[in-house]
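The values are calculated or read from the model by the stated rules, or taken from the named source; none is laboratory data. What you see is a predicted model, and the numbers here were worked out from it, not measured in a lab. With ideal geometry, Cβ positions are generated from the backbone for all residues, glycine too; neighbour counts draw on all protein chains shown.
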Amino acid sequence: MNAEAKISVTPTFRAEYGHFIDGAWIGSDGSKVIGLSNPATGQHLANIQAGTPADVGRAVAAAKRAFPAWSRTSFEERQRILLEIAQRLRARSGEFAVMESLNNGKTVHEATIHDLPEAIGQFEYFAGSVWSLKGETHNHADLLGLVHREPLGVVAQIIPWNVPLLMASMKIAPALAAGNTIVLKPSEIVCLTVLEFVAEIADLLPPGVLNVITGYGQDVGEALVTHPDIRKVAFTGSTSTGRKIIEYAARNIIPQTLELGGKSANIICRSADLDAAATTAAIAMVFNKGEVCMAGSRLFVERAVRDAFLEKFVAAVEQIRVGDPLNEKTGLGSLSSRMQYDKVRSYFDVAREEGATILSGGDIATDTGLQSGFFVKPTILTDVHNRMRVAQEEIFGPVTSVITWDSEEELLSQVNDSLYGLAGAVWSEDLRQAHRISRAMQTGIVWINTYYNLPRGMPLGGYKQSGFGRELTWDLLREYTIQKSVIIPL
Ligand code: NAD
């Protein structure tokens, strides 16, 4: 381990967090706690509350009380507050990057160059977007029609553990911008940054506008989504939980935004710049340890360039250093939890049983200093066909299945033979071909000759069982509002 490259920022956070309700931190009815820990070392970080439906009830009541006044705040006021939130995050971004790394196992480098700037950017972007919330007028002979766009009320937001601070920002910023009040439930596995962030900005918002309930999904998630005063649910997480959210939402007929799982195809054509494609495919595989809904986990390589590409790809992957997430030179940190570690390792066995070849990795990383964490080697599987479990199921780790293709027709039938449709990429110097393939892919995002680049304001969201609704874009403000038509005879 290179001691000189180790990050020296020491973050400040609490030993224990309550629920944040009505502007104050409170303990739980059930007074049970859940420990947050560092997956790279096993070190305990902080305790959070294991909430109950009664806690949810208190949070929703606070949000409901706060709604009338918040919904009437001026655009100037909402914009000012969102920009102030961005400023508070920026002022402590070094600390938040370390906290995210400590609790999630991701490299502090990734948190610094990606999670923090993107989280700050959400508040700045939606601060600007408030001005796009406009109504309409209609003139019909002797009738004047007005269409108002009104905030919905109290919204429920549920997020996962893989990029918690950014996910929280993606949810909170548009909901506040549109004039709603919030009850947010972060993941019980990783949420240190979310809670410390809320502590940091608590004084900027009137009590009850933003509330946070912690705890297990089955204990508080259902109570939250089915609460009769909730007017919308925005959920990011697995497709299986997403299905339950739809069932819960059906009880009170509330709208949903669902960002769910993925199994994205990264397609290499014979004309591709193989050096760039190989280096980027390695990033598409290991960024955030592969715990990304958009990870390039199916790599479709045209047969004519298979060997040349794989040589470069293996070299790029084998250069990635697995290790201490706080070391700036580390390329792949620790998986986020024991559960995820066991899941990813179980797929190494599935791959062997299905007859795939493990070209690289396929094992835990056991170098000195890594024994107490959930470290696996980046893993390349070949001799995979698209119907194998390793090509169909979301592994959510640094594992890529390589599938060889001959014709575009055969390629596209396999690429689209997936429950999911979140993202994907095409590598080809023939832009007509790249464009043709991108149009035929049943997926919400397609990158051409790049991966993971998403300019601010462009929509993120899935086709098929990757969910519905789009985030990151000003259109989302529409999903946090409802239209009302008012008609006046003249
Ligand atoms: P998960 O579905 O297990 O949990 C997500 C959240 O839902 C957590 O807060 C959890 O406590 C809560 N939850 C669990 N059961 C619940 C229930 N019955 N009712 C209400 N809430 C419940 O997902 P995860 O393992 O935390 O996250 C990984 C998944 O998230 C992957 O499938 C990944 O693809 C997906 N994801 C998608 C996107 C996207 O933008 N599409 C982004 C990030 C992650």
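Summary of computed values
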{"read-out": "Test for GLY467: is it within 15 Å of the ligand (Cβ to nearest atom) and in contact with an Asp or Glu (Cβ under 8 Å, 6 or more places away or on another chain)", "value": "yes"}
{"read-out": "Residues that are over 25 Å from the mean Cα position of the chain (by Cα) and either under 19 Å from ASN103 (Cα atoms) or not assigned by the TED database to the domain that holds PHE313 (or both), drawn from segment 356-379", "value": "GLY369, LEU370, GLN371, SER372"}
{"read-out": "Test: GLU429 is surrounded by fewer than 17 Cβ atoms within 10 Å (Cβ to Cβ) and either touching a Lys or Arg at 6+ places or on another chain (Cβ under 8 Å) or without any contact (Cβ under 8 Å) to a residue 12 or more places away in the chain (or both)", "value": "no"}
{"read-out": "Residues satisfying the stated conditions in segment 215-241, i.e. more than 6 Å from the ligand (Cβ to nearest atom), outside any helix (DSSP H, G or I) and among the small types (Gly, Ala, Ser)", "value": "GLY215, ALA234"}
{"read-out": "From the options ILE267, ILE253, ILE283, residue that is β-branched (Val, Ile, Thr) and either within 16 Å of the ligand (Cβ to nearest atom) or within 28 Å of ASN180 (Cα to Cα) (or both)", "value": "ILE253"}
{"read-out": "Within segment 473-488, tally of residues that are part of a loop (DSSP other than H, G, I, E, B), buried (at least 22 other Cβ atoms within 10 Å of the Cβ) and in contact with a Phe, Trp or Tyr (Cβ under 9 Å, 6 or more places away or on another chain)", "value": "0"}
{"read-out": "Any hit, segment 275-285, residues being at pLDDT 95 or above, part of a loop (DSSP other than H, G, I, E, B), within 22 Å of HIS435 (Cα to Cα) and out of contact with any strand residue (DSSP E or B) (no Cβ under 6 Å at 6 or more places or on another chain)", "value": "no"}
{"read-out": "For GLU124: the one exception among (1) in contact with a helix residue (DSSP H, G or I) (Cβ under 7 Å, 6 or more places away or on another chain); (2) closer than 25 Å to GLY331 by Cβ", "value": "(2)"}
{"read-out": "Listing of strands (runs of 3 or more DSSP E) fully contained in segment 117-171 that carry 1 or more residues being exposed (fewer than 14 other Cβ atoms within 10 Å of the Cβ), polar (S, T, N, Q) and at pLDDT below 95", "value": "136-140"}
{"read-out": "Some residue of segment 358-377 being of a type in the set (D, E, K, R) and at pLDDT below 95", "value": "yes"}
{"read-out": "Failed item, numbered, when PHE375 is tested on (1) within 18 Å of ILE320 (Cα to Cα); (2) surrounded by 24 or more Cβ atoms within 10 Å (Cβ to Cβ); (3) touching a helix residue (DSSP H, G or I) at 6+ places or on another chain (Cβ under 7 Å)", "value": "(3)"}
{"read-out": "Enumeration of residues in segment 311-340 that are in a helix (DSSP H, G or I) and under 15 Å from PRO39 (Cα atoms)", "value": "ARG338, MET339, GLN340"}
{"read-out": "Residue within segment 400-418 that is in a loop (DSSP other than H, G, I, E, B) and within 22 Å of THR236 (Cα to Cα) present", "value": "yes"}
